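The values are calculated or read from the model by the stated rules, or taken from the named source; none is laboratory data. Predicted model, so just to flag it, every value in this text is computed and none were measured. With ligands, DNA and RNA removed, areas are computed over all heavy atoms of the protein, side chains included. Shrake-Rupley method; radii C 1.70, N 1.55, O 1.52, S 1.80 Å.
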Amino acid sequence: MPQITARVRAGYAMGSFVTGAFGTVPGLLLLPYLTDSLAVPAAVAGLLVLAPKAWDVLFNPVAGRISDRAGTRRPFLLRGGVAVAVLFAALFAGPFTGAPAAVYVAVVFLLCATAYAFFQVPYVAMAAEITEDYHERTRLMAWRMAFLAPAILVSGAGAPVVRDVAGGYWAVGVAVGVLILAGTLATVAGTRGVPVSRRVSAAATPRDLVVAVRSRPFRLLLTVFVVQAVGLGTMLAGVDYFARLVLGDESLQTLLFVGFVAPALVVMPLWQRVGRRHGKRFGLVAASLLFALAVAGLTAARALPVAAVLGLMALIGVGYAGMQVFPLAMLPDVITAQEQRSGATRAGLFAGVWTAGETLGLALGPGVYGLVLAIGGYVASTDGSAVQPPGAVPAALIGFTAIPAVLAVIALPLLPREETA
């Protein structure tokens, strides 16, 4: 089978600027935005980050079925991406504090998550249709991750800087909204001419959702990915608190984030070679173990020099890169194998269930971290200047280290054998 062109790989990978920004910034800043700018209590704030995205568990499969029926994905990317850009700007421009702020954020975030489903689900489904070659899919995902790293770096490291320089979270919403819009337009242009659905899809029904979940390889791979996503979401939500409470220096937040993401810019060829030589399953296990060991090392962060902390963050970033590329490279193989067995197009449906699980996992992370902060007695405020009780520091540390380390490895025994269809 001929390789796809570099233009298509780059065009598809540009979608990472949409998924990276939307997946990173709310997880990084929405919780502190609520607790330290809008005076929403930590436990309530954690639920607010979770609740709108939990809607995607029901809605993403619907979005997938809709794109399956349409037989084309790109128009959904354009409409969904533009809507996400506008709603994201509104999300961080809340005019209220306290309870009204909680309601405003919940409603806008729900709308934003719904629009994002119409971008993310067709985007993920396209990977199973662009190429059916086993190794080419790993290459495609490696390109996607290579673009995802700078996307996360720009949005995640840049958002706190924009907030501090511009003097408010509203500027974060506008800046990230522009980034999402640019990524959307680049993806739609770059994927012009890619294959669409290979078979005419039968009318999708709720029963098809059950069929997808009953696919054992898909279900097991999804379980591992979601559990790891909860750990990643927990760690992402804790960056601000870890820098401020554990390390005692809020300015380290950007360095921590850069240390976490930057390695992905250089290690993608390494993980690609590992996958080609040893298989994608082996690569995922190796990446997860490296991630967990490095995160566990951060439990001693208060006694370590800053350079050692940043070094551990770099190792975490190497593991994180593999934890992203290998499940996403295995997913199209599972989808194709199931479609060949059933004779029906269900790429959008499977992608909808997958992205619903991913979104829920990443949303559960801030919820878990907010709960841990609440147990530690964290005090919310409107300017971040509240004096915190002694329990807030160990809570911030545990949520950033122990929980993500355990979640990275606990589900690995469930990994299915690889599909080579």
If you line up the Cα atoms of the chain on their principal axes, what length do they span on each, largest first, in Å? 61, 43, 37
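According to the Cα gyration tensor, what semi-axes, each the square root of 5 times an eigenvalue, does the equivalent ellipsoid of segment 244-382 have, listed from largest to smallest in whole Å? Could you put the intermediate results ahead of the total?
Details: eigenvalues 232, 94, 25 Å².
Semi-axis lengths for segment 244-382 are 34, 22, 11 Å.
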Looks like segment 276-343, by Cα gyration tensor root eigenvalues a ≥ b ≥ c and the a/c under 1.5 rounded cutoff (else prolate when a/b is bigger than b/c, oblate otherwise), is prolate
Taking only Cα atoms and a 10 Å spring cutoff, compute GNM fluctuations for the chain and point out the largest among F76, F282, F109. F282
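Ranked from the most accessible area to the least, with a 1.4 Å probe and all protein chains present, what is the order of L328, L181? Display every interim value, and only then the final one.
Numbers: L328 15, L181 70 Å².
Per-residue accessible area, sorted high to low, gives L181, L328.
Ordering L397, L414, L371 from largest to smallest accessible area (1.4 angstrom probe), what's the sequence?
On the way: L397 30, L414 75, L371 105 Å².
In descending accessible area the options line up as L371, L414, L397.
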Using only the Cα atoms of segment 134-195, build the gyration tensor, take square roots of its eigenvalues as a ≥ b ≥ c, and label the shape rounded, prolate or oblate: rounded if a/c is under 1.5, else prolate if a/b is larger than b/c, else oblate. oblate
For the chain, set up a Gaussian network in which alpha carbons nearer than 10 Å are linked by springs, and say which option among D36, D68, D240 fluctuates the most. D36
Residue by residue through segment 15-27, what is 3J(HN,Hα) from phi via Karplus (6.51 cos²θ - 1.76 cosθ + 1.60, θ = phi - 60°)? Round to whole Hz and write x for glycine and proline. x, 5, 6, 7, 5, x, 5, 5, x, 9, 5, x, x
Applying the Karplus parametrisation 6.51 cos²θ - 1.76 cosθ + 1.60 with θ = phi - 60° to the phi angles of segment 283-292, what ³J(HN,Hα) value in whole Hz is obtained for each residue in order, glycine and proline being reported as x? x, 5, 5, 4, 5, 5, 5, 4, 4, 5
How large is the accessible surface of D249 in square angstrom, using a 1.4 angstrom probe and rounding to the nearest 10? 60
For segment 20-141, just the Cα atoms, rotate onto the principal axes and tell me the three extents in Å, largest first. 51, 27, 22
Go ahead and set up a Gaussian network model of the chain, Cα springs under 10 Å, then flag whichever of I316, I180, I410 fluctuates most. I410
Phi angles of segment 136-152, converted by Karplus (6.51 cos²θ - 1.76 cosθ + 1.60, θ = phi - 60°) into ³J(HN,Hα) in whole Hz with x for Gly and Pro, give 5, 5, 4, 4, 4, 5, 5, 5, 4, 5, 5, 7, 5, 4, x, 5, 5
